[in-house]
Amino acid sequence: MREREAPQAEPEPGRVMASHGRRVLLEDAGGRRLPCRLYGRDLKVVCGDRVRWQRARAEGAEGLVLAVEPRGTELARLNALGHGEPVVANLTRLVAVLAPVPPPDLELCDRYLAAAAWAGLDAAIVLNKRDLPAAGPALAAALAVYRRLGYPVVSASKREEDGVADLAALLAGGCSVLVGQSGVGKSSLTNRLVPGIDAAVQEISRGT
């Protein structure tokens, strides 16, 4: 089936879980994740978008994404021209990830928290790699300040059996994004929280 072929079936609701150009990983109303392609060259989506899609038999895809529903919230970054560029949509919470290694960038963490406030999102902080030696009193003091300001702070580790239990409880009942420096373990936490998501995303990425 060509990408521009006119849709035939009744569109279904879904949500974008990963986006790689013209290909996306979509979760349908039943919770099943499947590879899809975007219908029409003007259609653009970001992770978290609620969409309408149609089942298809296109090579490398199980469906076609036809339209994007209006966004409730939107987290954006500035591009080279200084314009806002959407990154993820329909969030309820932003979670800033810190770790003993690499050395925590607390200024960057503050910027994430400010971005959450600007976008109208709840915010929280997770100290990852809790099985490693603490980064020293500076990090402990910073976490204490965040707690006094009212931010939830939890700890996590991919190496411990219950290493993501507190984080999973924090994330329950909403749609969250993990943000932080390279190397703090965002992907490792995601893989623990959503088993199989890494393999699914890699499959979509290879198809792009």
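The values are calculated or read from the model by the stated rules, or taken from the named source; none is laboratory data. Just so it is clear, the model here is predicted, and its values are computed rather than measured. Here the Cβ is made from the backbone with ideal geometry for all residues, glycine too, and neighbour counts use every protein chain on show. For the accessible areas, the whole protein counts, side chains as well, though only heavy atoms, and no ligand, DNA or RNA atoms are used. Shrake-Rupley method; radii C 1.70, N 1.55, O 1.52, S 1.80 Å.
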Identify all residues within region 117-137 that are in contact (Cβ under 8 Å) with a residue 24 or more places away in the chain and more than 13 Å from GLY180 (Cβ to Cβ); write none if there are none. ALA119, GLY120, LEU121, ASP122, ARG130, ASP131, LEU132, PRO133, ALA134, ALA135
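Can you tell me which residues in region 116-139 are at pLDDT 90 or above, surrounded by fewer than 18 Cβ atoms within 10 Å (Cβ to Cβ) and small (Gly, Ala, Ser)?
Of everything in region 116-139, those that are at pLDDT 90 or above, surrounded by fewer than 18 Cβ atoms within 10 Å (Cβ to Cβ) and small (Gly, Ala, Ser) turn out to be ALA117, ALA119, GLY120.
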Six or more apart or on different chains, Cβ under 8 Å: which pairs go from a residue in region 173-185 that's under 17 Å from SER157 (Cβ atoms) and open to solvent by less than 40 Å² (accessible area, probe 1.4 Å) to one that's assigned to a loop (DSSP other than H, G, I, E, B) and modelled with pLDDT under 90? Could you list them? GLY185/LYS158
Looking at the structure I just gave you, is VAL101 modelled with pLDDT under 95 and either surrounded by fewer than 17 Cβ atoms within 10 Å (Cβ to Cβ) or under 22 Å from the mean Cα position of the chain (by Cα) (or both)? yes
Report the residue count in region 80-98 for those that are loosely packed, with under 13 Cβ neighbours inside 10 Å and either touching a residue at least 40 places away in the same chain (Cβ under 8 Å) or of a type outside the set (D, E, K, R) (or both). 5
Number of the exception - ARG77 against (1) under 23 Å from ALA172 (Cβ atoms); (2) surrounded by fewer than 16 Cβ atoms within 10 Å (Cβ to Cβ): (1)
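How many residues does region 43-65 contain that are open to solvent by 40 Å² or more (accessible area, probe 1.4 Å), over 22 Å from VAL177 (Cβ atoms) and touching a Lys or Arg at 6+ places or on another chain (Cβ under 8 Å)?
Adding up the residues that qualify gives 2.
Which of the strands (runs of 3 or more DSSP E) contained wholly in region 25-141 include at least 1 residues that are over 28 Å from GLU12 (Cα atoms)?
Of the strands (runs of 3 or more DSSP E) lying wholly inside region 25-141, those with at least 1 residues that are over 28 Å from GLU12 (Cα atoms) span 74-78, 84-89, 93-98, 122-127.
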Which one of these does GLY40 not meet: (1) open to solvent by 40 Å² or more (accessible area, probe 1.4 Å); (2) touching a residue at least 12 places away in the same chain (Cβ under 8 Å); (3) small (Gly, Ala, Ser)? (1)
Of everything in region 1-18 that's within 26 Å of GLU85 (Cα to Cα), modelled with pLDDT of 90 or more and open to solvent by 20 Å² or more (accessible area, probe 1.4 Å), which residue is farthest from the chain's Cα centre (by Cα)? PRO13
